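The values are calculated or read from the model by the stated rules, or taken from the named source; none is laboratory data. Please read these numbers as outputs of a predicted model, since none were measured by experiment. As a convention, Cβ positions derive from the backbone with ideal geometry for all residues, glycine included, and neighbour counts pool all protein chains shown. Keep in mind that these areas ignore ligands, DNA and RNA; they rest on the heavy atoms of the full protein, side chains included. Shrake-Rupley method; radii C 1.70, N 1.55, O 1.52, S 1.80 Å.
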Amino acid sequence: MSDSVGVKSMKNQLVPPDGGWGYIIWIAVIINTIATTAFSGCFGIIYKDFIADFEMGSTSITFLNGINALCVSISGFIGGFLLKFITIRQLGLIAAIFLNLGSFAVIFVNSKLVLFICHGFLFSIGHGLLTIISYTIITAYFLKRRLLSFSLCQSVSAVAALFSPQLVQFALNFYGFRGTLMLLSAINLHTFVAVCLMQPVAWHLKKSEIRNDTEMKLLLHNNTKNEITVNVIEEDVEKKNFDTAIKDKVDSDLNSAKNRLNTFRKEVVKAIDLRLLRSFLWSNAALGLAICGSSDLIFGFILPQVLYSMNLTANQVTLGVSMLSLGELITKIMFILFNNMLVKFKSVQILSIGIFIAVVTRIGMVMSKNVAAILAFLAIMGASRSTIFVLIPLVIGDAVKPEQFTSATGIFMLAFGFTNLIIAPTIGAVRDLTDSYPAAIYILTTCFGIMFISYVVEMYTKRNRKK
């Protein structure tokens, strides 16, 4: 009989659905994104009187932003680790509890310490966990439509961010400070619904048949030989005395315990992926993105105060924040409409254009004295913000293997948090020492400029290596 026979077969490969329940996942991610980011640009509007009453200077405000970002990043990093041991739904429930606990407790804020604990710690932990969950589940459900999915989900969130300043101003006028916080807390409760909608992708994978030639090997075992081996073992066991058997049993248990401990250590090291941490952390896809994201986030955090310092009225400040969101929304819609054309370009190339726009518009806004020009620059600036944050998961996905995406995203969020904790207080201190917001903005713009040069050098180097 032949040891092996050639067989021609159809190989079934499981692939992401790229639709189906993935459209429900869009709804879940949109809810999470609205809860975590849609009202982030309104911090200065919501807490304007609170900041004045408790004499919070720029250093305190930017330090709160740094604590916020650090908690988001650490929870995101830990979330990537936890997803190797628990399901997305289980982690999502934990995230929703933290997020809603923070947003509800902040209603009763009466000191800077309470604000730091509720908004900077509890809310941010939920924010970070929901972010890593959203990135991971979109990546798992979509392959061909991944850019479209991220763009669409963030576009709907941008629509909410566009009208959030008006909603917040309306709520402040009619319901007051704490009534507005109560309204936002009610909106955040929808994250529990979003978590319930996040079914495991394994339930919805599609079979894709691939024709291939395989050689199936039929291994023949000698049953007679197995029987002889069993008999010899039985005879040896009978010859052992009772004490030797007990000793062997104890040694066996000790070895088994050591093996289980070593296995656990290996699983932990594998889950954290220390090799990836060392190689990926200092790359442009991690640290570079973190610097860009931190600079943009800090700018958005202090934007209302910047506009107030430029002698804009409360309505003009609200309009300015809305113009930034409008530019962000239009850019995300363009990502959707021109998705088929944009996929021909590398994500790093598109990101570099967005960073360049960030540099030009910030310089233009600071140098402008006309309100219309300032609003125009803010609208164009929204394009850079949209480009940076939409492309974060895509740039990371292009830099690592698919199975490393969750760990790499966690590493990015860790870098994002620490860069925020370093840059934010520095910007606040510069502003307080110089009593000038333009000086602070120029430092943030310099960060963008350095990263633009870094990405251009990286693309040039990689192109020459290929040649």
Quiz item: Would you say V156 is farther than 22 Å from F50 by Cα, among the aliphatic types (A, V, I, L, M), surrounded by 17 or more Cβ atoms within 10 Å (Cβ to Cβ) and at pLDDT below 90?
Solution: yes
Quiz item: Residues in the stretch 390-439 that are without any contact (Cβ under 8 Å) to a residue 40 or more places away in the chain and of a type in the set (D, E, K, R): how many?
Solution: 3
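So, R362, is that one touching a residue at least 24 places away in the same chain (Cβ under 8 Å), of a type in the set (K, R) and open to solvent by less than 20 Å² (accessible area, probe 1.4 Å) or not? First the steps, then the outcome.
Details: touching a residue at least 24 places away in the same chain (Cβ under 8 Å): yes; of a type in the set (K, R): yes; open to solvent by less than 20 Å² (accessible area, probe 1.4 Å): yes.
Criteria met by R362.
Output the residue which, of all residues in the stretch 9-46 that are in a loop (DSSP other than H, G, I, E, B) and in contact with a His (Cβ under 9 Å, 6 or more places away or on another chain), is least open to solvent (accessible area, probe 1.4 Å). Explain how you work it out, then say what you get.
To start, the set of residues in the stretch 9-46 that are in a loop (DSSP other than H, G, I, E, B) comprises 16-21, 38-39.
Filter once more, keeping what is in contact with a His (Cβ under 9 Å, 6 or more places away or on another chain): 16-17, 20-21.
Numbers: P16: 31, P17: 13, G20: 56, W21: 74 Å².
My answer is P17.
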Quiz item: Taking only pairs six or more apart or across chains, which ones have beta-carbon atoms under 7 Å, a first residue in the stretch 111-122 that is small (G, A, S), and a second residue that is modelled with pLDDT under 85 and buried (at least 16 other Cβ atoms within 10 Å of the Cβ)?
Solution: G120/L64; G120/I67; G120/N68
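Only residues that are of a type in the set (S, T, Y) and in a helix (DSSP H, G or I): list them for the stretch 410-467, please. Explain how you work it out, then say what you get.
From the stretch 410-467, those of a type in the set (S, T, Y) are 419, 426, 434, 436-437, 442, 445-446, 454-455, 460-461; that's our starting set.
Residues satisfying the conditions are T419, T426, T434, Y437, Y442, T445, T446, S454, Y455, Y460, T461.
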Exercise. Determine which single condition Y135 fails, assuming it passes every other condition in (1) open to solvent by 20 Å² or more (accessible area, probe 1.4 Å); (2) farther than 13 Å from I25 by Cα; (3) of a type outside the set (D, E, K, R); (4) touching a residue at least 24 places away in the same chain (Cβ under 8 Å).
Key: (2)
Self-check item: Which numbered condition I86 fails, given (1) assigned to a helix (DSSP H, G or I); (2) without any contact (Cβ under 8 Å) to a residue 40 or more places away in the chain; (3) under 30 Å from W203 (Cβ atoms)
Solution: (1)
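Just need a number here: residues in the stretch 318-359 that are among the polar types (S, T, N, Q), open to solvent by 30 Å² or more (accessible area, probe 1.4 Å) and under 21 Å from C153 (Cα atoms).
Applying the first criterion (among the polar types (S, T, N, Q)) to the stretch 318-359 yields 318, 322, 325, 331, 339-340, 347, 349, 352.
Cutting the leftovers down to open to solvent by 30 Å² or more (accessible area, probe 1.4 Å) gives us 340, 349.
If we keep only those that are under 21 Å from C153 (Cα atoms) as well, we get 340.
Adding up the residues that qualify gives 1.
I'm trying to understand the selection: among the residues of the stretch 259-291, which are in a loop (DSSP other than H, G, I, E, B) and modelled with pLDDT of 65 or more? Walk me through it before giving the result.
Restricting attention to the stretch 259-291, the residues satisfying the condition of being in a loop (DSSP other than H, G, I, E, B) are 273, 281-283.
Listed by number, the residues that qualify are L281, W282, S283.
On the given criteria, is L101 more than 18 Å from I61 (Cα to Cα) and surrounded by fewer than 23 Cβ atoms within 10 Å (Cβ to Cβ)? I'd like the intermediate steps shown before the answer.
On the way: more than 18 Å from I61 (Cα to Cα): yes; surrounded by fewer than 23 Cβ atoms within 10 Å (Cβ to Cβ): yes.
Considered against the rule, which asks whether it is more than 18 Å from I61 (Cα to Cα) and surrounded by fewer than 23 Cβ atoms within 10 Å (Cβ to Cβ), L101 comes out as yes.
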